[in-house]
Amino acid sequence: MTYDSIRRVLIVDDEAVVRSGISRALQSRGLEPVAVAAAEEALQMLAREHFDLALLDIRIPDMDGVELLKRIRTAHPELPAIMITGYPTIDTAVHAMKLGALDYLVKPFRLDDLDAALKKIVWPPEGDQGHAEALGEKGLRIDSKDSLIIGQSRPMKKIFEKILRVAPTDSTVLITGESGTGKELVAQAIHAKSLRKDQEFVAVDCSSLVETLLESELFGHVKGSFTGAIQTKHGLFELANHGTFFFDEVSNLSLKIQAKLLRVIQEREFMKVGDQKKTRLDIRILSASNRNLAESVAAGTFREDLFYRLSVVPLRLPPLRERTDDIPLLIHHFLEKYCRKLKRALPEVSSEAMEILQEYGWPGNVRELEHTIERVLILEDTPVIRARDLPAFISQRQGEFQMFSEEPFTLEELEKKYIAFVLRLTRGKRIKAAEILGINRKTLGLKIKKYGLE
């Protein structure tokens with residue numbers, strides 16, 4: 001068994017003999033273990049370094065292991081975790097699994113048990129031909145209609161791995177990422193590769209409806225339940241029964257609707273507005289947000305219990321500036337798509353134009369790139385797309401730092417401009433940006449927050 005998708009493993013256990021034993025077992029499997037005895041030390045380590053997996057003891061002197069898991073899920077939502085305990089209880093196991101732990105090992109465990117737990121994280125699954133066929137030269141095939149999620153970069157391959165791993169399960173998935181990164185497309189891919197693929201995929205944009213309408217849309221209503229309810233209406237939950245329900249921009253739900261959604265997830269039943277009869281529900285729930293829901297929880301605008309229910313499996317989609325290797329592939333895909341629509345020959349892209357397109361920061365992500373390509377094809381009928389054919393705000397290379405202005409900068413404005421430039425230069429990599437700026441990562445984080453550069 002190989003573990004290509006796992007390299008560094010953080011072990012948190014207060015017993016030296018356990019840390020040593022697990023470390024030796026992991027080393028024999030070609031992995032790099034890092035073992036610590038305390039929760040605070042583990043959190044500090046995670047803030048500084050990258051890990052592919054965490055093995056957490058339930059009983060740690062300075063913090064309960066479940067509380068540590070909760071802290072890790074908030075700060076590092078994509079880090080897989082396996083819990084370890086010498087004192088197993090059903091309640092603790094259930095709580096840990098609800099928080100997103102992938103497995104639960106009871107001391108003393110056999111190496112076979114550890115291998116079985118690691119298999120839940122390893123990619124690709126051995127002998128899984130279906131997964132191999134889903135990944136083509138351009139990216140992930142969603143369905144038989146040639147729908148694709150374009151990408152061959154390392155960040156996107158990790159996303160594809162998680163989609164294919166989580167799709168056959170019924171786990172709730174929280175998809176996060178900036179606007180334009182393709183969150184709904186990922187939700188459609190999860191549904192298309194699930195056991196519910198022949199059932200309905202129902203999506204609702206939580207930001208597009210007011211609360212009173214949203215409640216009726218979700219749950220339906222009975223005739224006469226409120227003014228204007230002239231007939232009984234089936235809600236979206238009922239229409240999605242046995243299929244997949246997708247909440248887009250779930251952070252926009254009011255606390256009242258959040259409470260009702262939590263009950264639906266827990267009880268798998270709901271009532272129409274104005275009705276006393278409960279309807280059983282068999283759906284899979286996916287959700288997406290361009291906001292940091294952990295911060296919304298801290299601000300009191302999102303329920304903590306609902307957050308953990310929705311984010312059993314978190315998927316963070318990288319912004320386009322973190323996957324610039326995919327830009328040429330995306331450009332070619334969009335050129336083909338719109339040339340077919342416009343019934344025109346496929347143009348080439350000059351090396352200079354391609355360089356500019358790869359250097360641009362793309363705040364609107366893939367959606368902005370697609371619209372840019374469509375715009376160029378409509379406005380410029382040329383066999384070769386050159387730098388001069390690109391929109392001015394892109395071709396002016398805004399990634400280059402300019403200190404000159406007709407109006408003088410304040411020192412604070414200059415600092416903000418330069419930090420933004422360095423972040424674009426490093427494609428959002430804060431550690432590298434902090435090194436260039438000559439400050440530590442924590443200070444950089446505070447300045448990013450101060451200037452609204454997140």
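The values are calculated or read from the model by the stated rules, or taken from the named source; none is laboratory data. Keep in mind that what you see is a predicted model, and the values were worked out from it rather than measured. Note: ideal-geometry Cβ built from the backbone for every residue, glycine included; neighbour counts use all protein chains shown. Keep in mind that these areas ignore ligands, DNA and RNA; they rest on the heavy atoms of the full protein, side chains included. Shrake-Rupley method; radii C 1.70, N 1.55, O 1.52, S 1.80 Å.
The residues of segment 295-349 that are open to solvent by 20 Å² or more (accessible area, probe 1.4 Å), among the small types (Gly, Ala, Ser) and touching a residue at least 24 places away in the same chain (Cβ under 8 Å) amount to a single one, 345. In the set 85, 74, only one residue is surrounded by 18 or more Cβ atoms within 10 Å (Cβ to Cβ), under 14 Å from residue 312 (Cα atoms) and not aromatic (Phe, Trp, Tyr); that residue is 74. If you go through segment 183-224 and keep only what is open to solvent by less than 30 Å² (accessible area, probe 1.4 Å), in a loop (DSSP other than H, G, I, E, B) and among the small types (Gly, Ala, Ser), you end up with just 194. The criterion of being modelled with pLDDT under 90 and either surrounded by 16 or more Cβ atoms within 10 Å (Cβ to Cβ) or closer than 28 Å to residue 150 by Cβ (or both) does not hold for residue 408. Scan segment 272-305 for residues that are out of contact with any Cys (no Cβ under 9 Å at 6 or more places or on another chain) and closer than 20 Å to residue 243 by Cβ and the total you get is 11.
When segment 237-276 is filtered for residues that are surrounded by fewer than 17 Cβ atoms within 10 Å (Cβ to Cβ) and small (Gly, Ala, Ser), the ones remaining, listed by number, are 254, 259, 274. In segment 426-454, what count of residues is obtained for those that are open to solvent by less than 100 Å² (accessible area, probe 1.4 Å) and without any contact (Cβ under 8 Å) to a residue 60 or more places away in the chain? Number of matching residues: 18. Where helices (runs of 4 or more DSSP H) sit wholly within segment 17-114, those with at least 1 residues that are modelled with pLDDT under 80 and in contact with a helix residue (DSSP H, G or I) (Cβ under 7 Å, 6 or more places away or on another chain) occupy 65-75, 90-98.
In segment 245-257, the residues that are under 19 Å from residue 271 (Cβ atoms) form Cβ pairs under 7 Å with partners that are of a type in the set (Phe, Trp, Tyr) and in a helix (DSSP H, G or I), at six or more places apart or across chains, as follows: 245/237. Looking at segment 374-399 only, could you name the residues that are modelled with pLDDT of 85 or more, over 31 Å from the mean Cα position of the chain (by Cα) and surrounded by fewer than 16 Cβ atoms within 10 Å (Cβ to Cβ)? Selection gives 378, 379, 380, 381, 382, 383, 384, 388. Closer than 23 Å to residue 109 by Cβ, touching a residue at least 12 places away in the same chain (Cβ under 8 Å) and polar (S, T, N, Q): does that describe residue 20? Criteria met by residue 20.
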